[in-house]
Amino acid sequence: MSDERPNIEDRPFFATAAKGTEGALRDELRDMRVAKVRATRGGVYFGGDAGHAMRACLRSRIASRVLCAVGEFPARDADTLYEGVSSVDWSQWIGAERTVGISATVKSGDLTHSGYVAQRAKDAIVDQLRDREGDRPDVERSDPDVRLALHIDNNVARIFLDYSGAPLSRRGYRTDAGTAPLRENLAAAMVRLSGYTPGAFLLDPMCGSGTIAIEAAQWAAGVPAGGKRRFGFERWRNFDDTAKEAWRTECERAERFAEPVESEIFASDRDNAVLAGARANTERAGVSVGYAHLDLKDLDPAPPGSWIITNPPYGVRMERDRDWVKYFRRALDLLRDSTVVVITPDRDLPHMLKIKPDREHTLFNGNIECRTFTWDPC
């Protein structure tokens with residue numbers, strides 16, 4: 001993966017992703033026929049127009065946000081930062097009738113305080129709009145109409161419009177999250193990185209809120225990841241009739257390219273209350289998953305060629321069941337004809353199980369460094 005920063009006219013968009021999932025996101029965007037895709041640390045740059053950004057918002061299962069670079073300028077000090085932000089015509093997207101929120105990160109340079117950087121950028125935006133239109137937008141931190149991201153690296157600032165609004169991991173189906181759930185986009189990345197393809201038998205034997213099974217089922221059914229939510233760009237000032245037509249086109253295209261694949265997807269858990277929440281989430285997601293009340297120790301062999309993908313309890317997030325390792329080791333013996341994938345922060349899990357994985361991949365669940373361990377069929 002390249003760390004080179006492309007020209008914003010060539011690749012104006014950046015889809016962010018959890019660390020370790022950038023390659024999966026790159027491949028997913030290519031499958032969507034998004035142009036000029038290139039992975040780097042923290043996400044994927046891509047080209048195209050607003051329609052491509054809308055497509056990524058609607059259909060990407062792995063991206064966290066979709067950003068559009070609208071300005072790049074020197075930011076050696078507060079004054080040059082203010083001048084650079086002021087050079088962008090903000091009236092295209094924001095007016096007094098909208099609210100705005102801005103977050104900032106500073107990697108290196110003379111400006112070091114991200115809070116001050118965000119405040120100074122906000123001042124430049126509202127001052128410009130007040131001077132031009134006689135009124136200024138309100139600042140809203142939690143749910144603004146227009147969300148902006150500012151990044152400074154080596155005294156160069158880049159400012160982005162956030163097409164997503166709320167994080168793309170918030171699909172809208174999971175109101176019953178349960179204890180220690182995976183974010184939806186991380187679960188989707190885990191399924192894709194495992195090598196699973198729709199049509200194969202898939203089981204999550206410790207399903208919790210059902211997220212892994214639901215993400216696999218939606219992928220197989222061709223359900224757009226963002227089909228049950230609104231996006232940030234729908235609240236911008238320039239979301240006019242032309243933009244709405246482009247959005248309708250992308251929604252129709254998503255339906256045309258959806259190719260449902262009949263798949264057997266199942267999930268189980270030992271907690272009936274947890275299963276009730278998972279079933280409710282699945283119904284809201286509009287897919288079919290078979291659920292069973294089953295303890296790991298009672299797991300039966302799966303059909304040959306199956307995929308077993310799971311997020312077991314682990315010490316940082318939940319109290320570990322003392323017998324978990326013993327039962328999971330037994331499950332591995334039973335599932336020799338299946339691909340078994342586990343996500344965990346416990347690097348010594350293979351040692352505890354006394355069986356070496358065939359593959360290992362590092363990725364982050366929030367700020368927790370995890371591994372996916374994969375055991376291929378014997």
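Among the candidates Ala292, Ala267, single out the residue that is surrounded by 20 or more Cβ atoms within 10 Å (Cβ to Cβ), modelled with pLDDT of 95 or more, farther than 24 Å from Lys354 by Cβ and among the small types (Gly, Ala, Ser).
Exactly one of Ala292, Ala267 is surrounded by 20 or more Cβ atoms within 10 Å (Cβ to Cβ), modelled with pLDDT of 95 or more, farther than 24 Å from Lys354 by Cβ and among the small types (Gly, Ala, Ser), namely Ala267.
How many residues does region 105-153 contain that are within 16 Å of Gly71 (Cβ to Cβ), without any contact (Cβ under 8 Å) to a residue 60 or more places away in the chain, basic (Lys, Arg) and in contact with a strand residue (DSSP E or B) (Cβ under 6 Å, 6 or more places away or on another chain)?
Residues meeting the conditions: 1.
Which one of these does Met32 not meet: (1) in contact with a strand residue (DSSP E or B) (Cβ under 9 Å, 6 or more places away or on another chain); (2) modelled with pLDDT under 95?
Here Met32 meets the rest and fails (1).
Assess whether Leu58 counts as being surrounded by 21 or more Cβ atoms within 10 Å (Cβ to Cβ), in contact with a Cys (Cβ under 9 Å, 6 or more places away or on another chain), part of a helix (DSSP H, G or I) and modelled with pLDDT of 95 or more.
Yes: the conditions hold for Leu58.
Exactly one of these conditions fails for Val66: (1) modelled with pLDDT under 95; (2) in contact with a helix residue (DSSP H, G or I) (Cβ under 6 Å, 6 or more places away or on another chain). Give me its number.
Against the list (1) modelled with pLDDT under 95; (2) in contact with a helix residue (DSSP H, G or I) (Cβ under 6 Å, 6 or more places away or on another chain), Val66 comes up short only on (1).
Under 28 Å from Asp49 (Cβ atoms), in a strand (DSSP E or B) and modelled with pLDDT of 95 or more - does that describe any residue in region 112-130?
No, region 112-130 contains no residue that is under 28 Å from Asp49 (Cβ atoms), in a strand (DSSP E or B) and modelled with pLDDT of 95 or more.
Out of Arg336, Arg359, Arg330, I need the residue that is under 27 Å from Ala63 (Cα atoms) and of a type in the set (Lys, Arg). Which one?
Arg359
The values are calculated or read from the model by the stated rules, or taken from the named source; none is laboratory data. The shown structure was predicted, so the numbers you read here are calculated from the model rather than taken from an experiment. Note that each Cβ is placed from the backbone with ideal geometry, even for glycine, and that neighbours are counted across all protein chains shown.
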